[in-house]
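Since the structure comes first, as structure tokens, the remarks are kept for the end.
A short reminder: the numbers here are calculations on the coordinates, not readings from a lab. Being a predicted model, the structure only gives us computed values, none of them experimental. When we count neighbours, we look across all protein chains shown, and the Cβ atoms used for this are built from the backbone with ideal geometry, even at glycine.
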């Protein structure tokens, strides 16, 4: 199974590498106010992908903070309850040598 995963990763890598080699011609990206950017097509695609990742992560940060705060509050409440509640009495162990496993 490990070799199959490595083979899959190698196939994905070589496919993307071939894509990069086949798309070396320049592409022009037109921005606002007449500005433009000329770069190889693979660099334009990689930049768009990275910008999408950054946008997605930044969109998730507030929710991550909210969930971390809720988890921290729940952990504090749990530790407060453990400190306030006394431990229940433990039953005394029995020495029943006839059945060592309780069966």
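Values as computed for the structure displayed
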{"read-out": "Residue count for the range 36-48, restricted to those that are under 28 Å from the mean Cα position of the chain (by Cα) and loosely packed, with under 10 Cβ neighbours inside 10 Å", "value": "0"}
{"read-out": "Some residue of the range 42-57 being in a helix (DSSP H, G or I) and touching a helix residue (DSSP H, G or I) at 6+ places or on another chain (Cβ under 8 Å)", "value": "yes"}
{"read-out": "Considering residues of the range 1-35 that are in a helix (DSSP H, G or I) and over 32 Å from the mean Cα position of the chain (by Cα) only, the residue nearest to residue 45 (Cα to Cα)", "value": "32"}
